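Comments concern the structure below.
Quick note: the coordinates plus some simple rules give every number you see, no bench work behind them. Remember, predicted model here, so these are calculated numbers, not experimental data. Using ideal geometry, Cβ is built from the backbone for each residue, glycine included, and neighbour counts are taken over all protein chains shown.
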Amino acid sequence: MIVVTGATGNIGRRLVGRLLQDGAQVRALTRDPSRAGLPPAAETVRADLTDAAGLAPLLAGAEALFLNLAAGGEQSAVAVLDAAVTAGVRRVVLNSSVAVTDSPADETNFIARMHAAVERAVRASGLEWTFVRGSNYATNTLGWAASIRESGVVRNAHPGAQGVPVHEADLADVAAVALLDRTGAHAGQAYVVTGPEALTVAEQAAEIGRAIGREVRVEQISEDAAAEAIAGPHMPKESARELIRMFGSTVGRPAPPVSDAVERVTGHPARPFAQWAREHAADFS
Ligand SMILES: NC(=O)c1ccc[n+]([C@@H]2O[C@H](COP(=O)([O-])OP(=O)(O)OC[C@H]3O[C@@H](n4cnc5c(N)ncnc54)[C@H](OP(=O)(O)O)[C@@H]3O)[C@@H](O)[C@H]2O)c1
């Protein structure tokens, strides 16, 4: 049986479906099963992962764990990992980040530090592990949805910032292969999982425009205004600023690298951003 944290999230929902398709037994964790809308074939279980006292039963009887920091944060992830070790779980697939590069010198931003800390805990756990180090998620652009719907405008501090947006289905597919692995072929592997092409913010906005059949314009705003817009209870203003400066540092630089991990691990090519935009057109219309 495979336990999926963040099961109602972007990756988790795809992953649950994919694991069920492959005939696996799945325990899907969510804070609210009544609103989860997960397939009935999954065992959907109520779990707030910030409640360390309630973790043991969630892992009982599991062979593998998909660990997503989005489900409760870094401390919860480490507590879930400890509970997995105690429960005799064999394998963990960690949803990590391309920001982690195996060089402590590169832990220059909070995203790298947070994921690197959990990667270290996973390595030290004694479990078999696979890291899925995703590049920028295509789903990040859902943050533009309200503004595109209202005015056809994306307000961004760095229209020329580059990334390699990755489809949540590709992240889920890579994670599924590693979770279902009984050969050990994926144990000890840190996969950098990206989309198939580097795109700027302006290019992603234009692709969304094509998908919805309406021009989408990018309006440049200050770093401060951009930080204000994404700051919130889970993103202090200073972290938001750090993130925006990080995006800005990619402007005019060589394109970030494209990885072939999706194809190597799953056997199918990575899904292009244009496909992602078509599949999510309703969110922007
Ligand atoms: N965005 C990027 O570009 C990027 C790049 C690399 C890595 N990452 C990593 O990917 C993560 C995001 O993954 P995602 O997009 O799949 O996440 P997501 O869509 O935000 O899903 C997170 C899920 O976690 C659950 N959750 C939240 N708090 C919880 C709690 N206290 N206890 C239990 N469950 C909780 C929520 O489900 P319920 O409401 O049903 O409980 C939610 O559906 C980031 O946090 C980061 O670690 C992101």
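Any idea what the relative contact order of region 139-246 is, in percent, if you count C-alpha pairs under 8 Å spaced at least 6 apart?
Reported relative contact order: 35 percent.
Per-residue counts of other Cβ atoms within 10 Å, averaged by peptide: what ranking do you get for 128-139, 95-106, highest first?
Answer by packing, highest mean first, reads 128-139, 95-106.
Could you sort 199-207, 265-273 so that the peptide with the highest average Cβ count within 10 Å comes first and the rest follow in order?
Descending packing order for the listed peptides: 199-207, 265-273.
Calculate how steeply helix 110-124 sits against the longest principal axis of the alpha-carbon atoms of the chain, using the helix alpha-carbon long axis, and give the answer as 0 to 90 degrees to the nearest 10.
Roughly 20 degrees between the two axes.
Taking 22 Å as R0, compute the FRET efficiency from the Cβ-Cβ separation of HIS234 and VAL258 and round it to 0.05.
For HIS234 and VAL258, the calculated efficiency is 0.15.
Sorted from largest down, what three extents in whole angstroms do the Cα atoms of the chain have along their principal axes?
So the three principal-axis extents are 52, 42, 36 Å.
Within the P(r) computed for region 170-285, what percentage of the Cα pairs occupies the region above 22 Å?
For region 170-285, the fraction of Cα-Cα distances above 22 Å is 55 percent.
Within a 10 angstrom radius of the beta carbon, how do MET114, MET1 rank from fewest other beta carbons to most?
MET1, MET114
Let me know the shape class of region 92-143, please: from the alpha-carbon gyration tensor, a ≥ b ≥ c as square roots of the eigenvalues, rounded when a/c is under 1.5, otherwise prolate if a/b is greater than b/c, or oblate.
Since a/c reaches 1.5 but b/c is at least a/b, the shape of region 92-143 is classed as oblate.
What nm value, rounded to one decimal, do you get for the distance between ALA56 and SER222 when each label is placed 7 Å out toward the C-beta?
5.4
Beyond 22 Å, what percent of the Cα pairs of region 2-134 remain?
32
For region 1-118, what is the relative contact order in percent, using Cα pairs closer than 8 Å and at least 6 residues apart in sequence?
This gives 22 percent for region 1-118.
Listing ILE11, ILE244 from the residue with the fewest other Cβ atoms within 10 Å to the one with the most, what is the order?
ILE244, ILE11
Specify the angular offset, from 0 to 90 degrees and rounded to the nearest 10, of the alpha carbon long axis of helix 10-21 from the longest principal axis of the alpha carbons in the chain.
50
If you take the square roots of the eigenvalues of the alpha-carbon gyration tensor of region 6-48 and sort them as a ≥ b ≥ c, do you get rounded (a/c under 1.5), prolate (a/b over b/c) or oblate?
The shape class here is prolate.
So who's got an amide H within less than 5 Å of the one on ARG155, skipping anything under 5 residues away but keeping other chains? H placed 1.01 Å off N, in plane.
For ARG155, whose amide H was placed from the backbone, the distant partners under 5 Å are GLU219.
How big is region 29-104 in terms of Cα radius of gyration and Dmax, in angstroms?
Reported Rg and Dmax, both Å: 13.3, 43.
Highest mean first, what order results for 34-46, 73-85 on Cβ atoms within 10 Å?
73-85, 34-46
Can you compute the modelled spin-label distance between ASP106 and GLN21, with each label point 7 Å from Cα toward Cβ, in nm?
3.1
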